Number of protein chains: 2
Amino acid sequence: MMGEHSSKAYDTELEGIRSKVLLMGGMVETMFLDAMTCFRIGNLERAERVIGEDANVNQLEVQLDDQCSHLIVKRQPTANDLRTVMATLKVITDLERIGDEAAKIARIAKALHARGAVTLNHYEMVRTIATATSDLLHDALDAFARSDEKAALELIAQDAVIDHEYRSIMRNLITFMMEDPRTISAALDTMWVAKAIERIGDHAKNIAEYVIYVVEGKDIRHTHGATQEVSK
Amino acid sequence: MMGEHSSKAYDTELEGIRSKVLLMGGMVETMFLDAMTCFRIGNLERAERVIGEDANVNQLEVQLDDQCSHLIVKRQPTANDLRTVMATLKVITDLERIGDEAAKIARIAKALHARGAVTLNHYEMVRTIATATSDLLHDALDAFARSDEKAALELIAQDAVIDHEYRSIMRNLITFMMEDPRTISAALDTMWVAKAIERIGDHAKNIAEYVIYVVEGKDIRHTHGATQEVSK
């Protein structure tokens with residue numbers, strides 16, 4: 001990721017930004033895992049912590065955007081280096097959105113458990129997609145950390161699996177609701193959780209795409225028409 | 001928006017980028033209006049056109065990102081000018097997402113009408129939020145075009161109205177589903193449409209925030225805690 005460029009100071013600054021992005025990545029990863037635990041077993045205190053952490057993630061986004069701007073103005077990067085900075089800016093946006101989605105899951109879990117709804121079955125319905133998405137996010141951050149475009153390319157296909165699973169969950173939930181209207185409210189909550197997970201998968205896929213963009217200089221966004229049509 | 005900066009060529013290039021952003025804004029605005037018409041009266045051909053237009057919007061995003069990068073490398077903007085470019089990059093991302101949401105609405109409308117579901121009542125449920133959101137988007141693009149931070153500031157409050165309306169639609173739809181399970185499927189489609197509209201409102205609000213960021217040099221993202229908690 002560190003092509004030929006102007007100065008040692010530049011390297012140091014860019015490395016500082018990268019470390020902070022990875023810190024932000026670790027934060028949203030933990031938020032997502034904790035939010036899913038809340039959805040599974042109900043833990044109001046932990047749900048509150050996830051919701052509170054979102055503010056810290058948002059602060060990091062603003063800080064990092066700022067650091068990237070300063071880097072550009074001070075170091076006047078070459079086209080190659082600038083690509084890294086641009087991709088970093090995009091990754092930051094995706095991480096911030098993942099934080100939002102994790103906080104949403106925590107809020108839904110909190111509301112569900114506050115009104116004493118049993119959610120164990122509903123957790124079971126999203127368990128597979130949650131695990132697949134958490135793996136995808138972890139691996140995408142890892143590919144970003146190691147600038148591993150080969151790993152990144154493999155990850156992009158994973159998102160299609162998540163989208164497929166998402167559609168199947170939706171169909172099942174609709175069937176449940178129709179068969180027993182008393183489940184409507186809890187089924188809807190599960191739908192919003194599934195939707196949030198599916199979006200986290202999309203953002204993780206975006207991160208993998210930016211790794212490829214940086215390493216290969218190819219913008220492969222919007223070249224996977226089929227996977228764009230999934231979520232409604 | 002055009003502070004003091006280096007060259008005439010820079011002005012010309014930046015103006016070119018701005019025009020293209022406004023073109024992209026006009027495209028997604030039309031997509032949204034057309035998608036809502038499809039949801040209201042059913043027009044498969046128009047729905048297809050909206051869905052197809054999304055690819056053009058995506059292409060514009062990639063092109064504009066590229067033009068912004070070139071501008072930075074070639075012109076090495078001052079901190080002030082760079083702020084404009086950075087905000088433009090963010091606006092582009094929001095416009096692309098608005099295109100995605102409009103295409104989603106068109107796909108839902110298409111599916112609804114293809115299976116002959118009556119949607120007039122459901123359109124009525126989202127009519128108010130759709131009009132408010134379409135106005136907000138139009139006005140945000142207008143504020144961006146005129147670099148009018150006063151107008152932008154007023155718009156940000158509008159999004160809270162949309163979020164309030166969204167919550168009320170959700171409550172009504174849940175009531176309908178519980179009272180008459182035969183409406184579940186159509187009610188869910190209406191929910192996804194309302195959700196897409198609410199997101200378009202969020203993106204329009206983001207655009208207004210970037211206008212303020214450029215003009216005043218203040219980053220006011222994430223300072224409206226209350227409005228962040230709305231959508232789940």
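The values are calculated or read from the model by the stated rules, or taken from the named source; none is laboratory data. The structure presented is a predicted model; accordingly, all values stated were derived computationally and were not measured. Note that each Cβ is placed from the backbone with ideal geometry, even for glycine, and that neighbours are counted across all protein chains shown. Areas reflect the complete protein model, heavy atoms only, side chains present, ligands, DNA and RNA absent. Shrake-Rupley method; radii C 1.70, N 1.55, O 1.52, S 1.80 Å.
Please report how far the C-alpha centroid of the stretch A:155-202 lies from that of the stretch A:48-70, rounded to the nearest whole angstrom.
So the two Cα centres are separated by 29 Å.
Given a 10 angstrom Cα cut-off, can you work out which residue in A:72, A:162, A:129 is the most mobile in a GNM of chain A?
A:72
Skip the ligands, DNA and RNA, and give the accessible area per residue of chain A with a 1.4 Å probe, whole Å².
40 Å²
Once label points are set 7 Å from the Cα along Cα→Cβ at both residue A:55 and residue A:171, what is their separation, rounded to one decimal in nm?
So the label points at residue A:55 and residue A:171 sit 4.4 nm apart.
Within 10 Å of each Cβ of A:171-183, how many other protein chain Cβ atoms are there on average?
2
Give me the summed buried accessible area for the B-A pair, 1.4 Å probe, to the nearest 100 Å². Intermediate values should be presented prior to the final figure.
Numbers: alone 11400 and 11400 Å², together 18650 Å².
Using a 1.4 Å probe, the pair buries roughly 4100 Å².
Select from the stretch B:136-232 those GluC sites (Glu not before Pro) which occupy a DSSP coil region and have at most 16 other Cβ atoms within 10 Å, ordered by residue number.
Of the GluC sites (Glu not before Pro), the ones in loops of the stretch B:136-232 whose Cβ has at most 16 other Cβ atoms within 10 Å are B:229.
Quote the relative contact order of chain B in percent (integer), defining contacts as alpha-carbon pairs under 8 Å separated by 6+ residues.
Relative contact order for chain B comes out at 26 percent.
In the protein assembly as shown, what percent of the accessible surface is made up of carbon and sulfur (1.4 Å probe, ligands and nucleic acids excluded)?
Working: 9820 of 18650 Å².
Answer for the protein assembly as shown: carbon and sulfur cover 53 percent of the accessible area.
Pick from A:110, A:90, A:218: which is most flexible by mean-square fluctuation in a GNM of chain A where alpha carbon atoms under 10 Å apart are linked?
The residue with the greatest mean-square fluctuation here is A:218.
Restricting to Cα pairs below 8 Å that are 6+ residues apart, what does the relative contact order work out to for the stretch B:99-207? Please round to a whole percent.
For the stretch B:99-207, the relative contact order is 44 percent.
Which of the peptides B:22-32, A:94-104 is most tightly packed, and how do the rest follow, going by the mean number of other Cβ atoms within 10 Å of each residue? It would help to have the intermediate numbers written out before the result.
Numbers: B:22-32: 20.3, A:94-104: 25.0.
Those peptides, ordered most packed to least, come out A:94-104, B:22-32.
List the lysines whose Cα lies under 22 Å from the Cα of residue B:90, skipping any in the same chain that are fewer than 8 positions away.
A:20, A:74, A:90, A:205, A:218, B:20, B:74, B:104, B:150, B:195, B:205, B:218
Can you list the residues in the stretch A:86-104 whose accessible area drops by at least 40 Å² when all protein chains are present, compared with the chain alone? Use a 1.4 Å probe, heavy atoms only.
Residues of the stretch A:86-104 that lose at least 40 Å² of accessible area once the other chains are added: A:86, A:90, A:97, A:104.
Label-point separation (nm) for residue A:62 and residue B:11, each offset 7 Å from Cα along Cα-to-Cβ?
3.4 nm
Can you give the relative contact order of the stretch B:1-124 as a percent, counting alpha carbon pairs under 8 Å and 6+ residues apart?
42 percent
Under the rule a/c < 1.5 gives rounded, and otherwise a/b versus b/c splits prolate from oblate, where does chain A land using the Cα gyration tensor?
prolate
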